[in-house]
1. Determine the pairs where a residue that is farther than 15 Å from GLU229 by Cβ, located within region 146-159, has a partner that is assigned to a helix (DSSP H, G or I) and not aliphatic (A, V, I, L, M) with Cβ atoms under 9 Å apart, the partner being 6 or more residues away or on another chain.
2. Looking at (1) more than 22 Å from LYS315 (Cβ to Cβ); (2) surrounded by fewer than 22 Cβ atoms within 10 Å (Cβ to Cβ); (3) touching a Gly at 6+ places or on another chain (Cβ under 9 Å), which is the one condition that is false for ASP212?
3. Taking the criterion of being buried (at least 16 other Cβ atoms within 10 Å of the Cβ), at pLDDT 95 or above, in a loop (DSSP other than H, G, I, E, B) and in contact with a Lys or Arg (Cβ under 6 Å, 6 or more places away or on another chain), would at least one residue in region 156-172 satisfy it?
4. Condition test on ALA224, is it touching a strand residue (DSSP E or B) at 6+ places or on another chain (Cβ under 6 Å), crowded, with 24+ Cβ neighbours inside 10 Å and either modelled with pLDDT of 95 or more or more than 22 Å from LYS318 (Cβ to Cβ) (or both)?
5. Residue check, ASP269 against (1) in a loop (DSSP other than H, G, I, E, B); (2) farther than 20 Å from PHE13 by Cα; (3) in contact with a helix residue (DSSP H, G or I) (Cβ under 7 Å, 6 or more places away or on another chain); (4) not small (Gly, Ala, Ser), all met but one. Which one?
6. Take region 257-297 and flag every residue that is farther than 23 Å from GLY247 by Cβ and either in contact with a Cys (Cβ under 8 Å, 6 or more places away or on another chain) or touching a residue at least 40 places away in the same chain (Cβ under 8 Å) (or both).
7. When you scan region 87-99, do you find a residue that is under 23 Å from the mean Cα position of the chain (by Cα) and assigned to a helix (DSSP H, G or I), even just one?
8. From the residues in region 69-86 that are among the small types (Gly, Ala, Ser) and surrounded by 24 or more Cβ atoms within 10 Å (Cβ to Cβ), which one is farthest from the chain's Cα centre (by Cα)?
Amino acid sequence: MKYALIGCGRISFHHIEAAKNNHLEIVAVCDINQKKMKEKYAFLTHVNQYTDYKEMLEKEKPTLVAIATESGKHAQIAIDCIQAGCHVIIEKPIALSIEDADHIIQLAKQKRVFVCVNHQNRFNKSIQYVHKALEKGRFGKIFQVSAHIYWNRNQDYYKQALWRGTWEQDGGALMNQCIHNIDLLCWLIGSEIDEVFAYTDNMKHPFIEVEDLGIALVKFNNGAYGVIEGTTNIYPNNLEESLYLFGELATVKIGGKSVNEIIDWNFSDGLDDPFYVKKTFSERPPNVYGYGHTPLYKDMIEAIQNGRQPLVNGKEGKKALELILAIYQSSANGIPVKLPLLRGSTLDFKGRFKNE
């Protein structure tokens, strides 16, 4: 299967590694910064390099394209790839507006290609094991899920790429750093969202336009409640990313660098040994990106080959985007927001924190 990558920034190596691990034929990489691309991927000696992705699509005709550019460019590039008949893996988020996400989903259906959004943490051993327990009903009624992301991002991080910390190309802590855990909260609860009430603020980063703190309460249609607490203000380094699930028959905490360690495993049914579960289904990756890219790619390849939707398809990828935009709306207007959203974009909040 012919594969190409658009965007050769910080996350791109994990995509190339996943493509190689899944034995894809890497035919091209593309980035507008030719020097950076040449330096980073000089080891791909038989892979063509482009600065214009449309030229790449026309000449290489890849079957699968991964999009790892700045967030604000995801939608248009995805649309162009789909129009060219390519299946796409889109780095999170799928887009920065509801309208663009819907366009991607509808166009992919029309063109009969598949879209996968890169929420790789769904493939963590810890998350997969928890999901199986949920599917078997071992939690009983779910009362509450809580996502906590206590991270640090300093000014040097934002200086590395000028698109970071802007409403047009990025969004804030929730849209960039916290979206993976928010995706897990949405997926594991297994219910649509009824209502959101939230606060966001910029407390420590006057050099960016967007929030560095978000706190939200989420009410789900199945009667459960969710809590989201995300920040990039933690001194001096990343502290924790964790996810809690509280049910009438079980309590689980998942933590680690990228929610890949089972910290607490308590079930009334006693079907498994907590020590064994914590040892067997925990991973300790060297960084926050974890080990999920390779199995996500595997799932996408199998989806293409078997004509089925991937686990994190376009509709699934839209859920975290929609929740974060609802959080932004609630905070900006000071009122609860009902879902689903008919429209919404990060651009709606330009000037929100007066740092522009």
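1. Within 9 Å, the pairs are ARG153/ASN176.
2. In the conditions (1) more than 22 Å from LYS315 (Cβ to Cβ); (2) surrounded by fewer than 22 Cβ atoms within 10 Å (Cβ to Cβ); (3) touching a Gly at 6+ places or on another chain (Cβ under 9 Å), ASP212 misses (2) alone.
3. Yes, there is a match, as at least one residue in region 156-172 is buried (at least 16 other Cβ atoms within 10 Å of the Cβ), at pLDDT 95 or above, in a loop (DSSP other than H, G, I, E, B) and in contact with a Lys or Arg (Cβ under 6 Å, 6 or more places away or on another chain).
4. Judged against the criteria, ALA224 is not a match.
5. (3)
6. SER258, GLU283, VAL288, TYR289, GLY290, TYR291, GLY292, HIS293, THR294, PRO295, LEU296, TYR297
7. So far as region 87-99 goes, yes, one or more of its residues are under 23 Å from the mean Cα position of the chain (by Cα) and assigned to a helix (DSSP H, G or I).
8. ALA78
The values are calculated or read from the model by the stated rules, or taken from the named source; none is laboratory data. None of these values were measured; they are calculated from a predicted model. Glycine gets a Cβ as well: all are built from the backbone with ideal geometry, and neighbour counts include every protein chain shown.
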